[in-house]
Every structure is written in C-alpha cells, then in structure tokens.
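One structure is given below, encoded as structure tokens.
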Amino acid sequence: MSSTTSTLIGTLRRAGDVILRRPSIGEDPSSGHGHKTTRTVADEIIASKSVGICAIEIYFPKAYISQSDLEEHSGVSTGKYTIGLGQEALAVVNGDAEDVNSIALTVVQSLLEKYKINPSEIGYVSVGTETLVDKSKSTKTVLMDLFPNNSDMPGATVLNACYGGTSALLSAFDHVGSDGWDGRYALVVAADIAAYARGPARPTSGAGAAACLVGRDAPIAADPRDSCSHAANAWDFFKPDHSVEYPVVDGAMSQGCYYDALEKCWEGFVEKIRCREGKQFYGVEDLDYFCFHSPYNKLVQKSFGRLALSDARRRFSSSCTKTDTCIDRKKKTHVNADVQTKEKKEEKSLAPYLDVSSRSTYSDRTLEKILKTISAKAYAEKMKDANTLSKKIGNTYTASVFMGLASLIDSAGGRGDLVPGKNVGMFSYGSGSIATMYRLKMQV
C-alpha cells in the first residue's frame, strides 16, 4: 500500500475548462432522445443550480499494518480480522510527524494544487472531525493558513463522531444553493485518526482525510429533497476521558444503532422519493450504487442486506403507507399483487421476519445468512467498488463515506460506468447517534 491523493471525478466547470453537456430541463438524462418528463417549478430551480461536488481529493498515510500480521500479533485465530471483519489492512499516521491538522492541511493543499484553484476562489470552509488536538481551537482555523488575505470564510469544525463530515457537506450544499451565495466555491474537509485500545476494536482503526469542492453546475449533483436523517440519544461510542485518545465502545450496541439508523433513514428516504416521483415502489433496485460509512467491511455487507429486508417488509405491508401525501394516491395498489418472481421468492424466505419488530432480528444469525444470500448479487454490483479502499486503510471516521465515494469513482468511473443519470445512495452514520441517507446523481 502506498500513500495517494486522488481522485478526478469530472471536468471542473470553470472558465477555460472543457464544458461537458448536461441534460436540459425536462430531458431524461438516461435517454439520448430528449424524452420529456413532468417537472415542477422546484425541479427546474434545483436543476438550474445543480449544486453538488465538483472535485474530491483524498489522503491517507504511507504506513500501514496488515490485518493478517495484526492477527498473529494479537494472538487470535487466523482469519478473525481478514475474514471476520472483512479487512485487509489499516493505515497509521507517521508517529509525531502527522496529526489530524497536518493530514487536513495536506489534503486541502493537494486539492487546490491539482485542480488549480486559487485560494481566493474559496468562500466557505467547514470541517468534520472527532480527532481533537485541542478542545477549543478548531481544525478549521488551522486550515486558514492556506487562504491568505481571504478571511471572509464562513463555516466551522463540526463534531459528532463519524457524522461531522456529512453535516459539513450538507451545510455546504445549502450555502452554495442559497440566494445569498457569492459565487465562490465551498470546501468541505473530513479528517480523522481512528485509534483503539488493545482488544476487539483495535483492528477497526485507520487514518485518512478527504476534501470536497462544492459548487454549482457540478458533475455530481445533490437534490436537497432526496435525503432523510435520523437522530437519537445512544451511548454506543463516546470519549469521556480527554487524557486518552481511545473511545469507550459497546460493539454490539453500536451495530444495533447502525442498523436502526440505516433502516429509519432508508424507509424515510425511499418514501420521499417514491411519493415525489410518483412511483408505486422505490427500493434498492432503483439506485445504481451505494456508499456506506464503513467501520469495517463485514458491517457494511450485513447492513446492505438489511435493505433487502426493509424492501420486502414494505412490499408485504402495502405500496403506500402515507396515502394523503402520495402523488400517485389515485393509482394506489398493493405491490404484492404484481411482485416479480425473484421478489416472491425473497418474501417467501423472509416470511417469518416480515411482521416482527426489526430490532428483534438484529442478532439473528439465520436471518443474517438469508440476507447475505439474497443481497449477494446486488452487493457485488452496487457496493463492492465503494468498499475497496476502506478494506485497505481501515475506518477513517468522518472521512469514511467520502473514501467510499472516491473508491467508487476510481473503480466504476474508471470502467466508464458512471454515466449521466446514474444515482448513488450515500449513507453516513455517527455514533451517539446521527445519520443521513441522501442521493447523488451523475451529470457528466
């Protein structure tokens, strides 16, 4: 493994750069024939701005530890980390030469240089991190050294476990999409060093940073209506002792909180899109790719399988649980009457779990195996690319979901698969807990 800073996600839409054509208002981006779709005023306003990610840059340290070596060193059985957690290695910072501020500085400087962005073109900087060098002075203020003579810079450092980077990104989207936007890019930085005491959590360590350039007419656009969040008071992961860097972690509880947040976000997310787009059903098959916050790869795989259970439960109940707000309420019908053969088979295997409490199934190993089988093909097609990097560098906390996006762009984008109209479902989770599911759409 070596250090890298990547990744190009499309041509920046700036004066002098090559301008790639975007679909016009009312044109179906997946069609080359200008098929007209029904558009609202809100649709046209959002499409005309096309707020989203213009560029992304990532950094991780050169030093790493292989999980197989860590298994031997820890005296555990072969495969406990490599197979049990699905991890290959974890990145570690270079002793006293690197800290969270230095890796944040590195990734921002690299983005500015690679994309030839003048620091004066940045008008907003927000940082997500839970790795605190100081309990008061923020990483955002340290980054200001990279922006001389440019102190008019809204934004701050956001703290909420692994969720801070996503909170910063969503705020940047709002800033750039507002009527008060001054035309300058927003910059979002997510950086962390994940470290654990000796024990079962240590192999889920890692380190890295990501920086996203946010602007209008972006190659990867976000619609603010396509998101759902979930917040709750949970004590699954916290750091009460400021004299040590290690957290207090309840692994089983944290996994349950992750599942619960994912399912709540997914159910709200798909219902919003289904109703707004007038669909009878919206589920996993309607998104081309997924990027999840990745503490370790096996959790992501198991969590993705639970989306199949959520979809089956919604098919089982009905096609519309909020008929008063559905665009297609006059066409309301039970999807079960028209379920495809594959879906019928899935429902049959999941029958014992369709009308029981979801929480009661979190530790059910039989269900876990069923969901792994059901979701295996979709996982390989929709999630595997996004998880390639995290398997090699470990958990990067706030940067994790952005590492997944960069990995997806590098793999699927490298194959030419990220064509206009492709959708990516993004899921970010931070212990404590706050989570958001949102959708990104490829424009170029």
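Observations
- Averaged over residues, the count of other Cβ atoms within 10 Å places the peptides 238-245, 122-129, 282-289 in the sequence 122-129, 282-289, 238-245, highest first.
- Additional length obtainable on full extension of the chain from residue 365 to residue 76, 0.36 nm per residue less Cα span: 101.8 nm
- Under 13 Å, Cβ to Cβ, from residue 396 - net charge with Lys/Arg +1 and Asp/Glu -1: 0
- Rounded if a/c under 1.5, otherwise prolate or oblate - the stretch 73-144, Cα gyration tensor axes: prolate
- The stretch 355-399: equivalent-ellipsoid semi-axes (sqrt of 5 x gyration tensor eigenvalues, Cα, Å): 26, 16, 9
- Accessible area of the stretch 147-191 divided out per residue, in Å², using a probe of 1.4 angstrom: 39
- Average Cα contact separation per residue, the stretch 81-223, under 8 Å, 6 or more apart, as relative contact order %: 30
The values are calculated or read from the model by the stated rules, or taken from the named source; none is laboratory data. Computed from a predicted structure; not experimentally measured. Positions of Cβ are backbone-derived with ideal geometry, glycine not excepted, and every protein chain shown enters the neighbour counts. For the accessible areas, the whole protein counts, side chains as well, though only heavy atoms, and no ligand, DNA or RNA atoms are used. Shrake-Rupley method; radii C 1.70, N 1.55, O 1.52, S 1.80 Å.
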